[in-house]
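What follows is one structure encoded as C-alpha cells, with my remarks underneath.
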Amino acid sequence: MSPSLSSLVFYAFSAMLVVTAVGVVTLRNVFYSAVSLVAALTIVAGLFVLLGADFLGAAQVLVYVGGILIIMLFVIMLSQQPRDLLQRQTNDQWIAGLFFALTIGVSLVRAFTYFVSQTPPDGDIAPTSASLGRLLLGEMLLPFEAVSLILLAALVGAVVFGQEKNA
Amino acid sequence: MFELGPALHHAFELLRGFAVSHGMSRDAALLLSKIIQANILVLGVAVIPMVLVYAERKVSAFMQARLGPMHVGPWGILQTFADGVKLMLKEDVVPAGADKWVHFLAPVVAVAPVFVCFAPVPFGQGLTPVDLDTGVLFIFAVSGVSTIGILLGGWGSGNKFSMLGGLRAAAQLLSYEIPRVLSVIPVLMWYGSMSLGTIALAQHGRWLGILPKWFIFYPVIGQIAFLIFLISSVAETNRTPFDIPEAESELVAGFHTEFSGLKFALFFLAEYAYVFLASAMGTALFLGGGDGFLLPNGILPSWIWFLLKTFALVFLFLWFRWTYPRLRIDRLMQFCWKFLMPWSFVNIALTGLLVLVRQR
Amino acid sequence: MTLYHCIALSGIVFSIGIYGVLTRRNILGILMSIELMFNAANIALVAFNHYLHPGSLWGQGFVLFVIAVAAAEAVVGLSLVLAIYRNIKSVYTENMNLLHG
C-alpha cells in the first residue's frame with residue numbers, strides 16, 4: 001500500500017474510532033453502547049493490521065468481538081430492565097469526570113509531541129504469526145505460562161461465582 | 001482439462017494493460033482489477049445459497065419419497081429464484097415493540113462477515129482471492145462476528161421467543177467455536193502454516209502411489225480432527241440436530257421470528273453461505289483442496305475437484321438435517337464441553353507427539 | 001501518519017475511557033469503558049513496536065498478554081455482575097452498598 005493511501009485509511013479509522021468510543025461512554029441505552037463498542041474494537045483490529053500486526057488483528061476480532069463482547073451482550077440481555085431507559089445513566093460528578101478526562105487527554109497528547117518526528121519505517125509489512133509464535137514459546141515462555149494460569153483461575157472463578165447457591 | 005486460475009489471471013493482465021494503455025495510472029488499474037475481483041467473489045457468494053437452497057429442498061424431498069419443487073423451470077430449478085423475487089417484493093414488517101435500529105442492523109451484521117470470509121479460500125490452482133498468511137484464524141475470527149448479528153436479531157425483535165433464541169445462540173455458538181478452532185490446530189501443527197492455500201497444496205501426493213496424502217487419511221489424528229470439525233461446524237451453522245437457536249417447534253423460529261422480506265432473506269443467505277464456507281474449509285484442510293483422486297491426473301481441473309468435494313460435504317450437512325432429531329439444550333452444551341473439548345485436546349497432544357517423531 | 005498520530009489517537013481513546021469509568025452509573029458501562037482503555041494501550045504498544053523497533057515483536061507479544069488478561073477480567077467481572085444482579089436486582093453502582101453499614 002502506498003503511504004498516502006495508508007494514511008488516508010488511518011485517518012478514516014481514527015475518526016470512526018473516536019466517534020464510536022464517544023458513543024460507548026455517552027449513549028443512554030447500554031445495549032447501544034455495547035454495539036458501539038463492537039464497532040470500536042473492530043476498528044482497532046483494522047488499525048493493528050495497518051500497523052503491521054496481522055496476527056493481532058485476527059486475534060483481536062476472535063477474542064474481543066467474537067468472545068468478550070458476545071458475553072457482554074449476553075449479560076446485558078439478561079440484566080437490563082425496561083425502566084433503565086428512563087433513568088439517568090451518568091452520576092452526579094460527571095462535570096468533574098469530564099474535566100479530569102480532558103486534563104488527562106490533553107496532557108497525554110501534549111506529552112506525546114516528543115515523538116512527532118517519527119515517520120513510518122521503510123519496507124513491506126511481513127507476516128508475523130510464525131515469529132510471534134517463536135517469541136511466545138521462547139523468550140516469553142514464563143509470562144506465557146503465567147497467563148495460562150490466570151485464564152484457568154478466571155475460568156474457575158467464573159464458575160464459582162456463577163453457581164446458583166452461592167448467589 | 002481447463003484450469004480457471006491461469007485463465008483469469010491472464011484476463012486480468014489484459015484488462016490492466018488495456019486500462020494503462022488508455023491513460024490510467026498503474027496503481028489505479030491494479031485497484032480497479034482488485035475491485036472487479038472482489039465483486040466477482042461477492043456475486044459468487046450471493047449465488048451459492050440459491051443453489052444450496054434448491055439442493056436442500058430436492059435432497060429432503062428425495063429422502064422423504066417426494067418430488068420437491070417441480071413447477072418453476074425444468075425440475076423446479078428456478079424455484080429459489082422465484083422465492084428470492086418473492087422475498088424482495090414482500091413488505092418489511094417491523095414489530096411495534098421492536099428496537100427499530102437494532103432490528104435493521106441485525107441482518108446486516110449477520111450477513112456482512114460472510115462475504116469477507118471467502119477471501120482466503122483456495123478454490124483451485126491460482127484461484128485464491130487473497131492468500132492470507134493468517135487465513136484459518138481470519139476465517140474463524142470474522143465468522144464469529146455473525147453471532148453478534150444473531151444476538152442483535154434476538155434482542156431487537158421485542159419478542160420473548162426471539163430473545164430466548166438469541167440467548168441460546170450466544171451460548172451455543174460461543175461454546176462450539178472452541179472445539180471448532182481446537183480441531184483445526186492439529187492440521188496447522190502438522191503443516192506448519194495457517195494459510196489455507198499452503199495447507200491444501202501440502203496435501204497433494206500419494207502414499208504407495210494409491211492413497212492420497214490428505215489429512216483425513218492420517219491415522220487417528222486425521223479422523224478425530226475431521227469428525228470434531230464436522231460436528232462443531234454443523235453446530236456453528238445452526239443446523240439440525242443443533243438448531244436450538246431457531247427450534248421452530250419450541251421457539252416459533254427463534255431469532256428470526258420477527259423478520260420478513262429482504263431481512264429474512266439476508267439471514268437465510270448467511271446461514272447457507274456459512275454451510276458452504278464450512279464445507280470449503282473442510283475440503284481445503286482435510287480433503288486436499290483441489291487434489292484429484294481415482295481418475296488419472298489432469299482429467300478434471302482443480303477447481304472442479306474442489307467444488308465436487310465441497311458439495312459432497314454440503315450433502316453431508318443436508319443428510320444430517322433430515323436424519324437426526326434435535327438435541328436438548330443441556331445435552332447440547334454437555335456434548336460440547338464434556339466430550340468434544342477433551343477429545344480435541346487429546347488430539348492436539350497426539351499430534352504433538354507425531355510431529356516430534358517426524359522430526360527425529 | 002506518523003508515530004505521533006497513533007499515540008495521540010491512543011491517548012484520546014484512553015481519556016474517553018476514563019470519562020466513561022468515572023461517570024457511568026451502570027456497572028456494565030464501566031466494564032465496557034475499561035475495555036476501551038485496554039484497547040487504547042494496545043494501540044500504543046503496537047504503534048511503538050511498529051515505529052521504534054520494526055525488527056522485534058515484543059510489543060505485539062505484550063498486546064497478546066493484554067488481550068488474554070482482558071478476557072479473564074471480562075469473564076470474572078461479568079459473572080460477578082450476574083451474581084450481584086441476582087441478589088439486588090440492579091446493575092447500578094450506587095445500589096451495591098451491602099457492606100456500607
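Just a few scattered comments:
- Within the stretch C:49-70, backbone nitrogen closer than 19 Å to the virtual label 7 Å beyond the Cα of A:Ser148 toward Cβ: C:61-70
- Length gained on full extension, B:Val357 to B:Ser260: 29.3 nm, using 0.36 nm per residue less the C-alpha separation.
- Estimated distance in nm for a label pair at B:Trp337 and B:His204, the labels positioned 7 Å out from Cα along Cα-to-Cβ: 4.5
- Panel values: chain A, Kirkwood radius from alpha carbon pairs, Stokes-Einstein at 25 °C and 0.890 mPa s, translational diffusion coefficient 124 µm²/s.
- If R0 is 41 Å, the Cβ-Cβ spacing of B:Ile178 and B:Ile299 corresponds to a FRET efficiency of close to 0.50.
- With one equal scatterer per alpha carbon and no solvent term, the Debye-computed log10 I(q)/I(0) for the stretch B:102-186 at 0.13, 0.16, 0.22, 0.25 1/Å reads -0.51, -0.70, -1.01, -1.14.
- Rg(Cα) / (2.2 N^0.38 Å) computed for chain C, rounded to two decimals: 1.34
- Length gained when the stretch A:Arg28-A:Tyr11 is fully extended (0.36 nm per residue, less Cα-Cα span): 3.4 nm
- Hydrodynamic analysis of the stretch B:212-360 uses the Kirkwood radius over alpha carbon pairs. Inserted into Stokes-Einstein at 4 °C and 1.567 mPa s, it gives a translational diffusion coefficient of 74 µm²/s.
- Kyte-Doolittle mean at least 0.5, axial Cα span of 18 Å or more - DSSP H helices of chain A: A:3-26, A:30-50, A:94-111, A:141-162
- For the stretch B:1-113, the relative contact order is 11 percent, taking Cα pairs closer than 8 Å that sit 6 or more residues apart in sequence and dividing their mean separation by the residue count.
- Cα gyration tensor of the stretch B:134-180 - equivalent ellipsoid semi-axes, whole Å, descending: 24, 11, 4
- On the basis of the beta-carbon distance and an R0 of 45 Å, B:Arg328 and B:Met24 show a calculated FRET efficiency of 0.15.
- A straight Cα-to-Cα reach below 21 Å connects B:Lys263 with the lysines B:Lys86, B:Lys90, B:Lys100, B:Lys160, residues fewer than 8 places away in its own chain not being considered.
- In this rough spin-label picture, where each label sits 7 Å from Cα along the Cβ direction, the B:Ile35-A:Ser107 distance is 4.8 nm.
- When each full DSSP H helix of chain B is screened for a Cα extent of at least 30 Å along its own axis and an average Kyte-Doolittle hydropathy of at least -0.5, the helices passing are B:26-63, B:160-191, B:261-286.
- Its residue count N sets the reference 2.2 N^0.38 Å, and the alpha-carbon radius of gyration of the protein assembly as shown equals 1.00 times that reference.
- Computed over the stretch B:51-123, Kirkwood Rh from alpha-carbon pairs, angstrom: 15.5
- Scattering from the stretch B:1-46 was approximated by placing one identical point on each alpha carbon and applying the Debye formula without solvent; log10 I(q)/I(0) at 0.25, 0.30, 0.33 1/Å stands at -0.91, -1.05, -1.11.
- Computed on chain B, the Cα convex hull volume stands at 171 Å³ per residue.
- Distance in nm between pseudo-label sites at B:Leu227 and B:Ala11 (7 Å out along the Cβ direction from Cα): 4.3
- Approximate shape of the stretch A:126-167 as ellipsoid semi-axes (Cα gyration tensor, √5λ), whole Å, largest first: 34, 11, 4
- Measuring how big the stretch B:1-144 is from its alpha-carbon positions, Rg and Dmax come out at 20.4, 62 Å.
- Once the C-beta distance of A:Glu139 and B:Lys160 is scaled by a Förster radius of 56 Å, the resulting FRET efficiency is 0.60 to the nearest 0.05.
Bear in mind these aren't lab numbers, they're just calculated from the coordinates by the rules spelled out. Quick caveat, the model's predicted, so the values are computed rather than measured. FYI the Cβ positions are ideal-geometry reconstructions off the backbone, even for glycines, and counts take in every protein chain you see.
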